[in-house]
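First comes the structure, then the notes that go with it.
Read-outs throughout are calculated quantities, based only on the coordinates presented, and are distinct from any laboratory measurement. Here the structure is a predicted model, which is why all the values come from computation and not from measurement. Because the Cβ atoms are built from the backbone with ideal geometry, glycine has one as well, and the counts that use them run over all protein chains shown.
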Amino acid sequence: MNANEQENQNPTPPEPPKIACEVRENGSLLIHGMIDVTMPDGTVVSKGPRTSFCRCGASANKPFCDGAHKTIGFQG
């Protein structure tokens, strides 16, 4: 078996897509990339390509951000 045949039998798996997290000043955590979010009841929600998570605790749509940080003056 030559080197090409061996390489074809054991191909290198592709790298998973990169996910990035941005902490926004006085705002949400912004995730760049496709993600699966497991909710408290065990359901899985697929999100992306950008998803904002609440940091202020005031969102009516937790764990996702609904912009409430702007109305409550969240700093962090």
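Given the choices (i) 15.0; (ii) 12.7; (iii) 13.4, Kirkwood radius over Cα pairs in Å derived from the coordinates of this structure is entry (i). Each helix, a run of at least 4 DSSP H residues, gives -39500 (n - 2.57); summed and divided by the residues of the chain, these come to -3500 deg cm²/dmol at 222 nm.
With the charge dipole of the range 18-71 set up from +1 on Lys and Arg Cβ and -1 on Asp and Glu Cβ about the Cα centre, the Cα lying farthest toward the positive end among the listed residues ASN26, PRO63, MET39 is that of ASN26. Summing charges over neighbours of CYS54, with a neighbour being any other residue whose Cβ is under 14 Å away from its Cβ, gives +4 when K and R count +1 and D and E count -1.
Karplus-derived 3J(HN,Hα) values for the range 64-75, using 6.51 cos²θ - 1.76 cosθ + 1.60 with θ = phi - 60°, are 8, 7, 10, x, 4, 4, 5, 7, 9, x, 4, 10 Hz; glycine and proline are entered as x.
Under a point-charge model restricted to the Cβ atoms of Lys and Arg (+1) and Asp and Glu (-1), what is the dipole moment magnitude of the chain relative to its Cα centre, in debye to the nearest 20? Please list the in-between numbers first.
Working: 7 positive and 8 negative charges, 107 e Å.
For the chain, the charge dipole is close to 520 debye.
In order along the range 17-25, phi translates into HN-Hα couplings of x, 6, 10, 10, 10, 10, 8, 8, 4 Hz, rounded to whole numbers, per the Karplus curve 6.51 cos²θ - 1.76 cosθ + 1.60 with θ = phi - 60° and x for Gly and Pro. Magnitude of the charge dipole for the range 36-76, about its Cα centre and with charges confined to Cβ atoms of Lys, Arg (+1) and Asp, Glu (-1), is about 180 debye.
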